[in-house]
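Trainee: Sending over a structure as structure tokens; questions will come in a sec.
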Amino acid sequence: MKPVFIALDFVDADTALEFLEPFKDVKPLAVKVGMELFYREGAGIIKDLRDQNIDVFLDLKLHDIPHTVQQAAKRIGQLDVQFTTVHSLGGSEMIKAARRGLDEGAKQAGVAAPQLLAVTQLTSTSEEQLHDEELVPVSMAESVSHLAKMASQSGADGVISSALENNLIHQAVSDGFKCINPGIRLPSNSVDDQKRVVTPTKAFELNSSGIVVGRSITKSDDPVQTYKDIYNAVNGGIK
Ligand SMILES: O=C(O)c1cc(=O)[nH]c(=O)n1[C@@H]1O[C@H](COP(=O)(O)O)[C@@H](O)[C@H]1O
């Protein structure tokens, strides 16, 4: 099963849970809680979702010195979430520290440790920005596959990248390493702030291990049907 994570980019728990009401008989269901919702609601929203048996990807994109990241990751590891993120640009020592923190926290809480995903280059970053603002001299594809290799050697279970880079990443890492892809748009949607976008079908043609979809579902006229259509295009099986 390749997950389709719905990005719950909502202002508060009431709005997020109200949005999820019509999904109560939809299985499987996986959601992403990001900074907007978590900074407002903290661990309470994670508990509400886990109590409904929903898989949770807690996306806080940790990026700090290794000790700070390890301690923060320990707290995340205690929350019984299934996936979480760090920025790969924090470096190999930071990613290893995150891995240690997640494992320690999960062990203390008696839950399974979350899978660790390292963000390579954000899907809102263009090739021009990479060169002009970050002064990175190599191409986007080279930068992303290099960061993915480093993340895989540092204990990450996968990366967050645009699907456009999946095939290069798969060549650089061992089997089983996940490429989870945001920057997903249906052909009729506007691109908004994203730069490196693909459709859900294209993402899976490009060997995606899972996708993150926000506004294409949350702003759709019929979010449940849009979720089912996207999920079925990839996996089939939801009525
Ligand atoms: O880590 C992420 O999930 C992420 C990384 C990235 O490079 N690009 C990206 O868009 N995201 C997240 O994926 C979601 C995309 O939302 P939409 O653009 O509305 O589909 C947001 O919650 C972003 O925070």
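Trainee: Of the residues that sit in region 181-239 and are open to solvent by 60 Å² or more (accessible area, probe 1.4 Å), assigned to a helix (DSSP H, G or I) and of a type outside the set (S, T, N, Q), which one is modelled with the lowest pLDDT?
Mentor: Step by step, filter region 181-239, then rank; the result is A233.
Trainee: Within region 53-63, does at least one residue satisfy the condition of being without any contact (Cβ under 8 Å) to a residue 60 or more places away in the chain, within 16 Å of the ligand (Cβ to nearest atom) and at positive phi?
Mentor: Scanning region 53-63, I find at least one residue that is without any contact (Cβ under 8 Å) to a residue 60 or more places away in the chain, within 16 Å of the ligand (Cβ to nearest atom) and at positive phi, so the answer is yes.
Trainee: Report yes if G101 is away from the ligand (no atom under 16 Å from the Cβ) and surrounded by 24 or more Cβ atoms within 10 Å (Cβ to Cβ), otherwise no.
Mentor: In short, yes.
Trainee: Restricting attention to region 127-138, report how many residues are at negative phi, open to solvent by 40 Å² or more (accessible area, probe 1.4 Å) and not in a helix (DSSP H, G or I).
Mentor: 4
Trainee: Now, a different point. For region 192-214, which positions are without any contact (Cβ under 8 Å) to a residue 60 or more places away in the chain, farther than 23 Å from E128 by Cβ and either within 9 Å of the ligand (Cβ to nearest atom) or among the acidic types (D, E) (or both)?
Mentor: Listed by number, the list holds a single entry, E205.
Trainee: Still on this structure, please answer the following. Can you confirm whether region 58-77 contains a residue that is touching a strand residue (DSSP E or B) at 6+ places or on another chain (Cβ under 9 Å) and within 30 Å of D221 (Cβ to Cβ)?
Mentor: yes
Trainee: Among the numbered conditions (1) part of a loop (DSSP other than H, G, I, E, B); (2) open to solvent by 20 Å² or more (accessible area, probe 1.4 Å), tell me where A156 comes up short.
Mentor: Condition (2) is where A156 drops out.
Trainee: Specify the residue that is most open to solvent (accessible area, probe 1.4 Å); the eligible residues are those in region 162-180 that are within 14 Å of the ligand (Cβ to nearest atom) and without any contact (Cβ under 8 Å) to a residue 60 or more places away in the chain.
Mentor: Among them, the one singled out is L164.
Trainee: Report the residue count in region 1-25 for those that are open to solvent by 40 Å² or more (accessible area, probe 1.4 Å), under 14 Å from L58 (Cβ atoms) and in contact with a strand residue (DSSP E or B) (Cβ under 6 Å, 6 or more places away or on another chain).
Mentor: 0
Trainee: I've got another one for you. Being hydrophobic (A, V, I, L, M, F, W, C) and either at pLDDT below 95 or open to solvent by 60 Å² or more (accessible area, probe 1.4 Å) (or both) is the filter here, so list the residues in region 27-49 that pass it.
Mentor: M35
The values are calculated or read from the model by the stated rules, or taken from the named source; none is laboratory data. Quick caveat: nothing in here was measured; it's all calculated off a predicted structure. All Cβ positions, glycine included, derive from the backbone under ideal geometry; neighbour counts span all protein chains shown. Just the protein is used for accessible areas: all its heavy atoms, side chains included, with ligands, DNA and RNA removed. Shrake-Rupley method; radii C 1.70, N 1.55, O 1.52, S 1.80 Å.
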